[in-house]
1. How many residues are in contact (Cβ under 8 Å) with a residue 40 or more places away in the chain, within 18 Å of Trp443 (Cα to Cα) and either in contact with an Asp or Glu (Cβ under 9 Å, 6 or more places away or on another chain) or among the polar types (S, T, N, Q) (or both) when one looks only at segment 107-142?
2. Taking interchain pairs and intrachain pairs at least six residues apart, which have beta carbon atoms under 6 angstrom, with the first residue in segment 386-403 and over 25 Å from Lys264 (Cβ atoms) and the second hydrophobic (A, V, I, L, M, F, W, C)?
3. Please verify whether Leu88 is over 19 Å from Val44 (Cβ atoms) and at pLDDT below 80, treating the condition exactly as stated.
4. Go through segment 179-189 and report how many residues are under 11 Å from Pro162 (Cβ atoms) and surrounded by fewer than 17 Cβ atoms within 10 Å (Cβ to Cβ).
5. Just one of (1) farther than 23 Å from Arg56 by Cβ; (2) open to solvent by 80 Å² or more (accessible area, probe 1.4 Å); (3) in contact (Cβ under 8 Å) with a residue 24 or more places away in the chain trips up His192, so point out which.
6. For Tyr15, state whether it is at pLDDT below 75 and of a type in the set (Ser, Thr, Tyr).
7. Please give the number of the condition Thr266 fails out of (1) surrounded by 15 or more Cβ atoms within 10 Å (Cβ to Cβ); (2) out of contact with any strand residue (DSSP E or B) (no Cβ under 9 Å at 6 or more places or on another chain).
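The values are calculated or read from the model by the stated rules, or taken from the named source; none is laboratory data. This one's a predicted model, so the numbers in the text were calculated from it and none came from an experiment. Here Cβ is always computed from backbone atoms with ideal geometry, including for glycine, and neighbour counts include all displayed protein chains. What goes into the accessible areas is simple: the full protein's heavy atoms, side chains included, and nothing from ligands, DNA or RNA. Shrake-Rupley method; radii C 1.70, N 1.55, O 1.52, S 1.80 Å.
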Amino acid sequence: MIDGLIGVLAAIVGYVGRFGADTLPAGASVASLWIALVLPAVWVMAMVVARTYEQRFLWVGPEEFRRVFGAAVGLLATVATVSWAFKLEVARGLIVLALPLATLLTLLHRYAERTWLHRRRNDGRFQQTMVIVGHRSGVQALHEQIRRSAYHGYQVVGVCLPPDEYGGPVTTFDGLPVLGDLESVADVVLAHEIDAVAVLPSRELEGPALRKLGWALEKTEAELLLAPAVTEIVGPRVNIRPLCGLPLLHMERPELRGVRRLTKETLDRSLAVAGLFLLTPALLVIALAVRLSSRGPVFFRQERVGRDGRRFHMLKFRSMVDGASSMATLVAENDGNGVLFKLHEDPRVTPVGKVLRRYSLDELPQLFNVVRGEMSLVGPRPPLPSEVEQYGEDMHRRFLVKPGLTGLWQVSGRSNLSWDDSVRIDVRYVENWSLAFDFMILWKTLGAVFRGSGAY
C-alpha cells in the first residue's frame, strides 16, 4: 500500500520534472506518459520480485534494505536499457528523478516503520512466542541473547530439554518452564500455540531426528529456527557448498590483510581528516570548556594496547579532575563487569565531563589516533595493559585488528555489558569484519550516542 503511494508520488515528480509544471504533454512522447502511469505498479512488482515483503527479511537486519536497493538498481537498469534501445529520450526525467526518489522514500519509510516496531517490541508488544530446544548450557546462553534483543520480537515461553536433563512433568530452568523433552516438541507447539521453535546443536537432534521434527512442525504454524554450531561466524564467511552430495557449511578465513585492509585504513584516515576539519569549531569549544571548568590539561593521554599488542597513547578530552587515575580508593566500589572499572556516580568526573561522557564527546580527540594509524574508526574497544593481563586466549583475537573509536561494544550497551558479552562482541567483530559491517556500526553509533545507554 505505502510502496504503491510512493510509486505514484515518484511518477508525478518524475513526469512534472521532465515536462515542467505548466506544460501539458501535448508534444511529449506517449511512451513516457505510459511509463509514468505504470510506474507505481511496476515499483510494487519490483519489491515483490526482490522478496522484500517476506517476513524473514522484514524489520530486522540489513537484508531488507539490501533487497530494496537491489530491486531499485535492477529496475533503473531495465528502464535505462529500454529507453536507450527504443530511443525514448523523454523518459530520462523518470530515470533521473522518479526511481531514485522512490528508492529514497521506500528506504526511509521502512526505516521509520522498523524504528516504530522496535520500540513497541521493547515495550512487550507484537511478540512471537518461542520455545528453545537443546541442552541447558546452550538454552541459557540463547535465552539471554533473546532477552537482551527484545526488539527482535520473540518471547521465550518455555524450553524442551533432552531426556537426561528433563526432570519431571513441570520444572523450571533459567526462569522458564520446562514444557517437555525432545520427543514432545511438536506436541508442545500444538498445546501452547507456539510461533517459533529454536533448536540448538545437540547429538539427540541430528540427521533423521531433526528431519522428523521438521516434518512434524509442518503440520503447525510454527517456524523452525536452527542455531548453527558456529553462531559467531555470520555473513559472507559462511557459505553452503556441496561435497559428495551433502550441503556442507564452508567457513572462509577472516580477511584481515591485503587490499581490504588497505582500503579500510585509507577510508579511516581520510574520514578522520575530514571529521577533524568539519569538527574544528566544536573541538575548540569543548577544549575551552574543559580548560575553564577545572584545573589540569585539556587532553587526557592514556596508554592502551593496539594491533599486534603494540602500545600507544590514546587521546581523550579530560572529563575527570586532574590526577584522578591515582585515586585507587574507589576500586572497591567498581560498578563494572569485573575487569573493566566503572562507576555510575564517579566523584572524579567534572560537571563538564559528565556532559562529554553522556554524548561520547570526550572520545573525539581519538580522531588524531586514527590519523596517526594507531586506531580505526570502527574496531574493538582499546584495552588497558592491566586488562590485557587478564585476557584469555579468545580475547587475544582482538589484536588482529586495530582498536576502534567506536565498535560493536559501543552500539550494544557499552558499560552495561557483562565481561563475557564484551568478549563475545569483540571476537565477533574480528571474525566477521567487512566494510559494510563498519558502515552499519557507524550508523548505529549515532543512535547509541544520543541515547547515552551505558555511558558513564
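1. Residues meeting the conditions: 3.
2. Hits for this filter: Gln390/Val339.
3. The answer is yes for Leu88.
4. 1
5. Tallying (1) farther than 23 Å from Arg56 by Cβ; (2) open to solvent by 80 Å² or more (accessible area, probe 1.4 Å); (3) in contact (Cβ under 8 Å) with a residue 24 or more places away in the chain, His192 fails exactly one: (1).
6. yes
7. Failed condition: (1).
Okay, residues lined up against (1) under 16 Å from the mean Cα position of the chain (by Cα); (2) open to solvent by 40 Å² or more (accessible area, probe 1.4 Å):
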position: Val96; (1), (2): no, yes
position: Arg114; (1), (2): yes, no
position: Arg121; (1), (2): no, no
position: Phe126; (1), (2): no, yes
position: Met130; (1), (2): no, no
position: His143; (1), (2): no, no
position: His152; (1), (2): yes, yes
